[in-house]
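**Q** Let me begin by handing over the structure; questions about it come next.
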Amino acid sequence: MSENAGGQRWWQGAVLYQLYVRSWLDTDGDGYGDLAGIIARLDYLCWLGVDGIWLSPTMPSPDEDWGYDVSGYRGVHPDLGSLEDLGRLIAEAGARGLKVLLDLVPNHTSTAHPWFVDAAGSRDARHRGYYVWADPAPGGGPPNNWVDATGRPAWTWHGPTGQYYLHLFLDSQADLNWHEPAVHAEFEQIVRYWFDRGVAGFRIDVANGLYKDAKLRDNPPAAAPDRLGARFGQQMKYSANRPETHAVFRDWRQIAEGYRPPRLLLGETWVGDLGSLAGFYGHDDELQLAFNFPFVFARFTAQDLSRVVGATLARLPAGACPAWTASNHDVGRFPTRWCGGDERKVRLALLVLATLPGTTVLYYGDEIGMTDVAVPPALRRDKMSREGDGWEGSRDRARTPMQWDGSPSAGFTADGVTPWLPCGDAAARNVAGQRRDPRSVLRFCRALLDLRRAEFAGTVARYEMLPAPEGQWAYRVGGLTVVANFSGWPAALPCPAGEVLLSTAERPSPRAPLGAWEGVISRT
Ligand code: GLC
């Protein structure tokens, strides 16, 4: 159990909840969710038992990438509400003991951001150096072989000033130049601006990508297909993952620690090797939490998941707090990816997520077992995954409206309003129905979070793997024993000794062996 003097490390043992604002609740009838919708459902989040929410981008943006193309870092997107609404949300959440994290996008801005507009004005514009500009390669054409998220060259020619600019995502998302000290100064002010307004921390977009190789060297070919370290056959050695990035997080960590309670930095650390992941914690002086994508992309087997968990804990520096998630707005929903919609597996995955040591991040809808939605091509809204082939189908599949009730609009918006993305099968799975049903996934999830809070709040529980036959995973975590049967037949593993606190399934008798895809938590 690591040190948590005075409850300052409030994220340890916590459950955070990623809320895709545009899909949460539409209160003004424009088909998009909004900040007022979050305020209206804070009591639901408290009832569920989460400790904090991370809001998908809330800042002004032309929405080429739904807010990940920021055109102003100090405001609120008018579709979502106003700065006053956000202040009200932070206050109302705070009154209920809920923390609010924002999404910060420091790798790139929209080309509509005033910095870029100025930079594109002339070669000696004040903000020219904020972005990565380069001359054509000696033989003509883009300066190097880097590709963007759609597989096209990561360089766009800017005729008026006769240079290329860099964009690792869409050409409307120009990469910032972190070799430029003024960019550091800008973001330090932005970070403080939000912390001063009561924001509890940031999820940091593309956290491993900020710095680019100063010499703009070509990326080497990828040794093997690797969805984390590689892109379109290239290893992202020089276009991302540069060592200088760590200094940025050391600076921000000092700022975060200057607040009471300390603010949280949670990185989108899109790296495949756990050594690099561990590096983002520094010597407890960089990010306090770093997303674990090897866990996200592990197969849903006892062997693979337990291996990633064990290896992660072995690599993380002493006292570091791991962060676990299984769904998000890019990678899709685990009830589909891991579980193929099988509710037994969904319960088992939730049980594991709720009992791993550290911080768990749920994605809106995980708690009712929401699955990906097949969004027909004509209704897709995500340009990046529509145009490219790097995202395994449209990312819209995991961004559809929250399913509040079984009505045609899923309770997300008023009848007669067309939601920005189509609703999934809300009649089959929705909050209202599951709230009434004591045997539902939602009620099970709530019981898990309740238990987690009682056992783990404020700590990183000690984890120890226990011997188990193939296909099964058993561990001791804090004062609990968890056994999980990742197979479609009854487990060879007996039910653990001690009082059974929770099970994914109804147990025929207290000591009965585990059934197919059953998981049990007991007190030891
Ligand atoms: C991150 C976001 C993703 C976005 C990209 C560019 O990966 O999670 O949604 O498209 O960064 O900002």
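**Q** So which residues in segment 388-405 are open to solvent by less than 20 Å² (accessible area, probe 1.4 Å) and either away from the ligand (no atom under 16 Å from the Cβ) or assigned to a loop (DSSP other than H, G, I, E, B) (or both), if there are any at all?
**A** Matches in segment 388-405: G388, S394, R399, T400, P401, M402, Q403, W404.
**Q** Answer yes or no as to whether A492 is in a loop (DSSP other than H, G, I, E, B) and either outside the structural domain of W47 (by TED's automatic domain parsing) or surrounded by 15 or more Cβ atoms within 10 Å (Cβ to Cβ) (or both).
**A** yes
**Q** Which of (1) of a type in the set (K, R); (2) more than 16 Å from the ligand (Cβ to nearest atom); (3) closer than 30 Å to L305 by Cα is the odd one out, the single condition R436 does not satisfy?
**A** (3)
**Q** What number of residues within segment 479-505 satisfy the criterion of being in contact (Cβ under 8 Å) with a residue 24 or more places away in the chain and under 32 Å from the mean Cα position of the chain (by Cα)?
**A** Of the residues in that region, 14 qualify.
**Q** Out of R443, R462, R452, R436, which single residue is open to solvent by 10 Å² or more (accessible area, probe 1.4 Å), in contact (Cβ under 8 Å) with a residue 60 or more places away in the chain and either touching a Lys or Arg at 6+ places or on another chain (Cβ under 8 Å) or among the basic types (K, R) (or both)?
**A** Going through R443, R462, R452, R436 in turn, just one is open to solvent by 10 Å² or more (accessible area, probe 1.4 Å), in contact (Cβ under 8 Å) with a residue 60 or more places away in the chain and either touching a Lys or Arg at 6+ places or on another chain (Cβ under 8 Å) or among the basic types (K, R) (or both): R462.
**Q** On to the next question. If you go through segment 112-133 one residue at a time, do you hit one that is of a type in the set (D, E) and in a loop (DSSP other than H, G, I, E, B)? First the steps, then the outcome.
**A** Step one: of segment 112-133, the residues of a type in the set (D, E) are 118, 124.
Filter once more, so that each one left must be in a loop (DSSP other than H, G, I, E, B): 124.
Scanning segment 112-133, I find at least one residue that is of a type in the set (D, E) and in a loop (DSSP other than H, G, I, E, B), so the answer is yes.
**Q** Right, something else. Just the residues that are touching a Gly at 6+ places or on another chain (Cβ under 7 Å) and crowded, with 21+ Cβ neighbours inside 10 Å, please, taken from segment 194-220.
**A** We begin by selecting, within segment 194-220, every residue touching a Gly at 6+ places or on another chain (Cβ under 7 Å); these are 197-198, 200, 204, 207.
Listed by number, the residues that qualify are A200, I204, A207.
**Q** Identify, from the list V76, V105, the residue that is β-branched (V, I, T), in contact (Cβ under 8 Å) with a residue 40 or more places away in the chain and within 28 Å of G162 (Cα to Cα).
**A** It is V105.
**Q** How many residues are open to solvent by less than 20 Å² (accessible area, probe 1.4 Å) and in contact (Cβ under 8 Å) with a residue 60 or more places away in the chain if we restrict to segment 162-171?
**A** Within segment 162-171, residues that are open to solvent by less than 20 Å² (accessible area, probe 1.4 Å) and in contact (Cβ under 8 Å) with a residue 60 or more places away in the chain number 2.
**Q** Just one of the numbered conditions (1) within 29 Å of D63 (Cα to Cα); (2) at pLDDT below 95 is not true of N328; which one?
**A** (2)
**Q** Going through segment 97-127 one residue at a time, which ones are of a type in the set (A, V, I, L, M, F, W, C), within 16 Å of the ligand (Cβ to nearest atom) and in contact with a Leu (Cβ under 8 Å, 6 or more places away or on another chain)?
**A** L101, L102, listed by residue number.
**Q** While we're looking at this one, here's another question. Are there any pairs, at least 6 apart or on different chains, whose C-beta atoms fall under 6 Å, with the first in segment 333-350 and assigned by TED's automatic domain parsing to the domain that holds V373 and the second part of a loop (DSSP other than H, G, I, E, B) and of a type in the set (D, E, K, R), and if so, which?
**A** Short answer, once both residue conditions are applied: R333/D372; T336/D372.
**Q** While we're looking at this one, here's another question. Conditions first: (1) open to solvent by less than 30 Å² (accessible area, probe 1.4 Å); (2) in contact (Cβ under 8 Å) with a residue 60 or more places away in the chain; (3) away from the ligand (no atom under 14 Å from the Cβ); (4) not assigned by TED's automatic domain parsing to the domain that holds R88. N145 passes all but one, so which condition is the exception?
**A** (1)
**Q** Quick check: anything in segment 20-39 open to solvent by less than 10 Å² (accessible area, probe 1.4 Å), aromatic (F, W, Y), within 21 Å of D205 (Cα to Cα) and in contact with a Gly (Cβ under 7 Å, 6 or more places away or on another chain)?
**A** yes
**Q** Can I ask one more? Scan (1) more than 23 Å from L16 (Cα to Cα); (2) outside the structural domain of L42 (by TED's automatic domain parsing); (3) at pLDDT 95 or above for the single condition P510 breaks and write down its number.
**A** (3)
**Q** Determine which single condition P408 fails, assuming it passes every other condition in (1) in a helix (DSSP H, G or I); (2) open to solvent by 40 Å² or more (accessible area, probe 1.4 Å).
**A** (1)
The values are calculated or read from the model by the stated rules, or taken from the named source; none is laboratory data. Remember, it's a predicted structure, so these values are computed and weren't measured experimentally. Cβ sites come from the backbone with ideal geometry, for glycine too, and all protein chains shown count toward neighbours. Protein only, heavy atoms only, side chains kept; ligands, DNA and RNA dropped before computing areas. Shrake-Rupley method; radii C 1.70, N 1.55, O 1.52, S 1.80 Å.
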